[in-house]
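What follows is a single structure, written as structure tokens, with notes after it.
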Amino acid sequence: MNACNIKKEEFVFYCYEELSPERREEIKNHLVACRQCREEVQRLEKTILLVKQQKLKKIPSDILNNYTRQIKGRLAADEEKSFIPALKEKLFAWLENLRLGFYPQLMPAIAVLCVVVFVFAFMQYSRTNNFNLLNRELALLDSLGEEAEDIYSGGDEAGLAEEIESSDRLMLAQLDTEVEAEEVFDDAYILQELEEEDLNEEEVSDYLEIIDDIQEIGSAVS
Amino acid sequence: MMIDNESEIIERIKNGDQNAFCELVEKYKEKALNIAFSFCRNYEDAKDISQEAFIKAFKTIRNFRSESRFYTWFYRILINLCKDYLRRRMKNKAISANIRINNEAQEEESIFEVIASGLPGPKEQLLNKELGEELTKALNSLPEQQKRVFTLKNIHGLKINEIAEIIKCAEGTIKAHLFKATLNLQERLAAYACQEV
Ligand SMILES: [Zn+2]
């Protein structure tokens, strides 16, 4: 600010013709009367003129001449690119995203899924197997009961001999089931059985529930 | 008349008329190239960036509202692309810090014609050459925003409110930058301002 109470900013914007018309008039009138301010404005104007007088570099003619035609070419190339390749690009981008999204984030979920599927399959096995064993034992008990009944009702030696024989059979049968039980723990056997197995509705819904659980675990992990 | 003619051209572009678009390119290509050149200091890149800006403008012309001038809207697209370009170049420069490609030299590259035509004697031409170099140095020494605003105002001839619209900044901020830059340059060019006839 000078003695005349005009800010230097105002002189700068006076030179740039960026003041309101009223303010511009006021300053213009002041400059006529005040030599000090007039000189200050002249210095500013000179600086600005020095800059404005500078000529910008000439744009090389080869760049200027082909300019618009090149843009047309780029536009045409863009349009050509925009349909099927764009779709392809999108698909690739999508797959890429999927891959990137899948691998690092879902890795723990996939691990959990594998464990759960294995445990479930194993449980399913022991269950069906136990069921088979139970059936067999019940059938054996049934036959044993019948034979015992025969023995007690008949009371003959032949019946007794048969009872001994049947208890041998029972032992043999139990041995059989023990062998089968061992087989149940054999992985190859498990897989084979799993393939042969038909699921009923209840089992299907069990599966679905477990898959839901897995998804929940997966989203919690990621 | 000019404005009416331009708004008619823009209507045609909005209807997908590529020839109308080419008319507009012809009209603004030199300005666009000069602005881009003042950012990147090499004509090949200036060409690429400004062409990209035109293409982007063509594709998004529906977003252009007629209440502002086409060039302010277009320069905004252009300058944003220039800034992206500079950012990319800075990154590359940071990566290859010890290789030092020509970037340094490029930044010192003047945007002005070394010897302005129309000046009489060799003495004046030499003075002008010196001035051009000094001015380039002075401009490059300014903070980025001051340099940008000062260049847009004095070299590309835009008004303060247009600059504010282009770089999405308050007019007061633009004025502050312009004021500081002008005083800075006045100081740097004082010797030349005295010598001037
Ligand atoms: Zn005064």
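The values are calculated or read from the model by the stated rules, or taken from the named source; none is laboratory data. The shown structure was predicted, so the numbers you read here are calculated from the model rather than taken from an experiment. Neighbour counts are summed over all protein chains in view; Cβ atoms, including those assigned to glycine, are modelled from backbone coordinates with ideal geometry. Note: areas computed on protein heavy atoms with side chains; ligands, DNA, RNA excluded. Shrake-Rupley method; radii C 1.70, N 1.55, O 1.52, S 1.80 Å.
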Filter pass, A:E45 being out of contact with any Lys or Arg (no Cβ under 9 Å at 6 or more places or on another chain), in the same structural domain as A:V12 (by TED's automatic domain parsing) and either within 16 Å of the ligand (Cβ to nearest atom) or not in a helix (DSSP H, G or I) (or both): yes
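Okay, residues lined up against (1) at the interface with another protein chain (Cβ under 10 Å from one of its Cβ atoms); (2) touching a strand residue (DSSP E or B) at 6+ places or on another chain (Cβ under 7 Å); (3) modelled with pLDDT under 95; (4) not in a helix (DSSP H, G or I):
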position: B:N5; (1), (2), (3), (4): no, no, yes, no
position: B:I9; (1), (2), (3), (4): no, no, yes, no
position: B:E26; (1), (2), (3), (4): yes, no, no, no
position: B:S38; (1), (2), (3), (4): yes, no, yes, no
position: B:A46; (1), (2), (3), (4): yes, no, no, no
position: B:I77; (1), (2), (3), (4): no, no, no, no
Filter result (in contact with a Ser or Thr (Cβ under 8 Å, 6 or more places away or on another chain) and open to solvent by 70 Å² or more (accessible area, probe 1.4 Å)) within the range B:30-68: B:S66
Helices (runs of 4 or more DSSP H) wholly inside the range B:135-197 that include at least 3 residues being farther than 22 Å from A:Y14 by Cβ, more than 11 Å from chain A (Cβ to nearest Cβ) and open to solvent by 30 Å² or more (accessible area, probe 1.4 Å): B:144-154
Residue list for the range A:6-23, restricted to those being more than 19 Å from A:L49 (Cα to Cα) and within 16 Å of the ligand (Cβ to nearest atom): A:I6, A:K7, A:R23
Meets criteria (within 15 Å of the ligand (Cβ to nearest atom), crowded, with 18+ Cβ neighbours inside 10 Å and modelled with pLDDT of 95 or more) for A:L31: yes
Meets criteria (open to solvent by 20 Å² or more (accessible area, probe 1.4 Å), more than 13 Å from chain A (Cβ to nearest Cβ) and at pLDDT 90 or above) for B:Y71: yes
